[in-house]
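The values are calculated or read from the model by the stated rules, or taken from the named source; none is laboratory data. Everything numeric in this text was worked out from a predicted model, so none of it was measured. Cβ placement follows ideal geometry from the backbone for every residue including glycine, while neighbour counts extend to all protein chains displayed. These area figures cover heavy atoms from the full protein model, side chains too; ligands, DNA and RNA do not enter into them. Shrake-Rupley method; radii C 1.70, N 1.55, O 1.52, S 1.80 Å.
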Amino acid sequence: MDRFMHAALEEARHSLEEGGIPIGSVLVHRGVIIGRGHNRRVQLGSAVLHGEMDALENAGRHPAEVYRESILVTTLSPCAMCSGAILLYGIPKVLIGENRTFQGEEALLLERGVDVEVLQDPECIELMEGFIAASPELWHEDIGE
């Protein structure tokens, strides 16, 4: 497994241990993780802290060129909100653990020139399938259904 995907998966597991939704993400600039995060909507009562948004928040402020040289690694296909942030900051590549349990806005990202790679990682799939089966109401709330 890609070392950055491994770090994102660690974040997802951390969220689950905290009672949250197991989605993790890391922002990588020139081979170094500059931001790590996981879905913290439940833990903090947040409306917006998906894993990708948390990783961006934890990375702090950077000049535009840093984002344009970065890769966002996430365990699950990014939703419309997270995809909007990817586009806003000009992040050129997104590495996705899986999109079987949730198909996010990959088509929009591709249409706007973002390099999208989906791994269909068995660990990412298993983690989300187990969570969705155990907590369907919480899952549907997270994706706005």
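Would you mind stating whether Ile33 is in contact with a helix residue (DSSP H, G or I) (Cβ under 7 Å, 6 or more places away or on another chain) and more than 16 Å from Trp139 (Cβ to Cβ)? Give the derivation first.
On the way: in contact with a helix residue (DSSP H, G or I) (Cβ under 7 Å, 6 or more places away or on another chain): yes; more than 16 Å from Trp139 (Cβ to Cβ): yes.
Here the answer is yes, as Ile33 does meet what is asked.
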Subset of segment 12-39 [part of a helix (DSSP H, G or I), buried (at least 24 other Cβ atoms within 10 Å of the Cβ) and in contact (Cβ under 8 Å) with a residue 60 or more places away in the chain]:
Ala12
Candidate set from segment 40-64 (those that are under 19 Å from Leu9 (Cβ atoms) and of a type in the set (S, T, N, Q)); member that is most open to solvent (accessible area, probe 1.4 Å)
Asn58
Restricting segment 108-135 to residues that are of a type in the set (Asp, Glu) and touching a strand residue (DSSP E or B) at 6+ places or on another chain (Cβ under 7 Å), the one surrounded by the most Cβ atoms within 10 Å (Cβ to Cβ) turns out to be Asp121
Residue selected from segment 71-107 under the condition farther than 15 Å from Gly51 by Cβ and hydrophobic (A, V, I, L, M, F, W, C), by the criterion surrounded by the most Cβ atoms within 10 Å (Cβ to Cβ):
Leu87
